[in-house]
Amino acid sequence: EKKRPHWANEDKFGPYQNAWATIQETNVEYFMVRATYNNDSIFGGNFSCLKVQTMSANITTHSVQALMTYKDSSNKTKDINVTTRAVTWYNYSKANALQNTRGNGDKADLGVLVFSDKTQCDIVSTNSEDDLELWVPYNLTDNVPDCCNFLFDFFMPPNKTKLQIYLGKDACNY
């Protein structure tokens, strides 16, 4: 079992890792601006322009229905319906992670929040802590806050490369 990452400390960082607060608003769009990977079992290789839009929220189950839109390696626009639940990870008492179930429900993945401020950005640890994602609201896609870029660079695994997933408003126009 991997050692718990130093950012997984609920007493110290829990207030900045609130999963339900991150996903509960509807009709908002977030784009993955950067990541340490661009090859995924669902999106394929060289995916880009990945956007998530929350359609509906269920306060009882702490889950949302969302639509993910992206461009595949041949630049075709594709959509996937996703159910995202706020869940606990690293023995936290409050939800600090997002469990995404895509399509027909047989594929689920987990993203643990390293940092979250729904007005600025989310830094998400994925693929068993091997990868990192930087998500921002649509209005900040062309002007990512410096603090978000800093946090992404700081927490990026040392053996990884920073990849640009958001390619600008012209390329990612949906």
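Each value in this text was obtained by applying a stated rule to the coordinates, not by laboratory testing. Remember, it's a predicted structure, so these values are computed and weren't measured experimentally. Here the Cβ positions follow ideal geometry from the backbone for every residue, glycine too, while neighbour counts run over all protein chains shown.
Values computed for the structure shown
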item: Count - residues of the stretch 46-60 that are more than 26 Å from N143 (Cα to Cα) and either touching a strand residue (DSSP E or B) at 6+ places or on another chain (Cβ under 8 Å) or surrounded by 15 or more Cβ atoms within 10 Å (Cβ to Cβ) (or both); result: 3
item: The listed residue being under 22 Å from G44 (Cβ atoms), out of contact with any Gly (no Cβ under 6 Å at 6 or more places or on another chain) and buried (at least 16 other Cβ atoms within 10 Å of the Cβ), out of G103, G111; result: G111
item: Count of the stretch 58-76 residues which are of a type in the set (A, V, I, L, M) and more than 17 Å from the chain's Cα centre (by Cα); result: 1
item: In the stretch 1-32, residue surrounded by the fewest Cβ atoms within 10 Å (Cβ to Cβ) [restricted to those that are free of Cβ contacts under 8 Å to residues at least 12 places away in the same chain and of a type in the set (D, E, K, R)]; result: E1
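Residues are listed down the side, and each one gets a yes or a no for (1) closer than 22 Å to F13 by Cα; (2) of a type in the set (V, I, T); (3) without any contact (Cβ under 8 Å) to a residue 24 or more places away in the chain:
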| position | (1), (2), (3) |
| --- | --- |
| D72 | no, no, no |
| R85 | yes, no, no |
| V114 | yes, yes, no |
| N139 | no, no, yes |
| M156 | yes, no, no |
| Q164 | no, no, no |
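Every residue, every condition in (1) over 14 Å from T22 (Cβ atoms); (2) surrounded by 20 or more Cβ atoms within 10 Å (Cβ to Cβ); (3) over 15 Å from the mean Cα position of the chain (by Cα), yes or no:
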residue: W135; (1), (2), (3): no, yes, no
residue: N149; (1), (2), (3): yes, no, no
residue: F154; (1), (2), (3): yes, no, yes
residue: P158; (1), (2), (3): yes, no, yes
